[in-house]
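Structure record follows, encoded as structure tokens.
The values are calculated or read from the model by the stated rules, or taken from the named source; none is laboratory data. What you see is a predicted model; the values in this text were computed from it and never measured. We place every Cβ from the backbone using ideal geometry, glycine too, and count neighbours over all the protein chains shown. Accessible surface is based on the protein model in full, side chains and every heavy atom, while ligands, DNA and RNA are left aside. Shrake-Rupley method; radii C 1.70, N 1.55, O 1.52, S 1.80 Å.
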Amino acid sequence: MNTHLRKGTLALAAMAAVAGAAAATTPAAAATDPQFLAASELPPHPHSAWVAGPVTAGQPDPLPMCVGAALPSTSEHRVFRTDYDTAALQVTVVERSVQRAKDYVALLREDMSGCPHELVTQDPDVTATERFYGPLDVGDGAEVFGINTTTTWGATDINLFSIGRVGNVVTVVQWGEMGDFTNAPVDDFKQTTITAVNKLS
């Protein structure tokens, strides 16, 4: 079996497992950073509460698919987990100027646009399809995307991404689980994105 599959959901699951262990020993102050989502602000899971890991300096490890290569070492991130195969990630980057933040958003959008081709190039056993769910009128703008990946032996994963900006601060939110576009909680994820961007100001 090819080991480079299901990058989005498996990477999120791995990060969520680490975050779950870290959350048990992290002081409460780190879990209330106003620039980051709280567990209760994620799309509701029908069978499990969300648990938030600590706000952590640096790039998430492993890097998320689609946008991971563009995340700088100055990032801060928080991983969220459930008791099931659903996980989420928020990464926030503070740029030195508004123009640099705008340029960074443009780079992230470019990476999202090229993500299906990149995934297929990396692994010919994967088929990837993208949907653009439109802009959101919040902060200085946000956009929502979906990526569905399937493998030649039938595994399928759905990931939602959003990119938002307020001034010189940019945030990326990723949600993922096993399934396809019909399983994606798009409306709830849009509300999560609105909350995340509002917290940047």
Completion exercise
In segment 114-147, anything of a type in the set (Gly, Ala, Ser) and over 22 Å from Thr192 (Cβ atoms) is listed as Gly114, Ala128
Completion exercise
Selection from segment 156-186 of residues closer than 14 Å to Arg131 by Cα and open to solvent by 10 Å² or more (accessible area, probe 1.4 Å) yields Asp180, Phe181, Thr182, Asn183, Ala184, Pro185, Val186
Practice task
Return yes when Tyr104 is of a type in the set (Phe, Trp, Tyr), crowded, with 16+ Cβ neighbours inside 10 Å and part of a helix (DSSP H, G or I) and no when it is not.
Solution key: yes
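If we scan segment 138-146, do we find a residue that is outside any strand (DSSP E or B), open to solvent by less than 70 Å² (accessible area, probe 1.4 Å) and either touching a Cys at 6+ places or on another chain (Cβ under 8 Å) or closer than 14 Å to Gly176 by Cβ (or both)?
no
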Exercise for the section: Given the conditions (1) over 21 Å from Thr193 (Cβ atoms); (2) part of a helix (DSSP H, G or I); (3) open to solvent by 20 Å² or more (accessible area, probe 1.4 Å), report the number of the one that Trp153 does not fulfil. Expected result: (2)
Practice task
Restricting attention to segment 47-95, report how many residues are closer than 20 Å to Leu108 by Cα, open to solvent by 50 Å² or more (accessible area, probe 1.4 Å), in a loop (DSSP other than H, G, I, E, B) and in contact with a helix residue (DSSP H, G or I) (Cβ under 9 Å, 6 or more places away or on another chain).
Solution key: 3
Handout entry: Those residues of segment 187-199 which are of a type in the set (A, V, I, L, M) and either more than 19 Å from Arg109 (Cβ to Cβ) or crowded, with 22+ Cβ neighbours inside 10 Å (or both), in sequence order
Key = Ala196, Val197
Practice task
For Arg109, state whether it is closer than 25 Å to Phe80 by Cα, touching a residue at least 40 places away in the same chain (Cβ under 8 Å), open to solvent by 10 Å² or more (accessible area, probe 1.4 Å) and part of a strand (DSSP E or B).
Solution key: no
Completion exercise
Taking segment 156-201 and keeping residues more than 25 Å from Asp83 (Cβ to Cβ), touching a strand residue (DSSP E or B) at 6+ places or on another chain (Cβ under 6 Å) and assigned to a strand (DSSP E or B) leaves Ile163, Gly164, Val169, Val170, Thr171
Exercise for the section: Could you tell me whether segment 148-157 includes any residue that is at positive phi and in contact (Cβ under 8 Å) with a residue 12 or more places away in the chain? Expected result: no
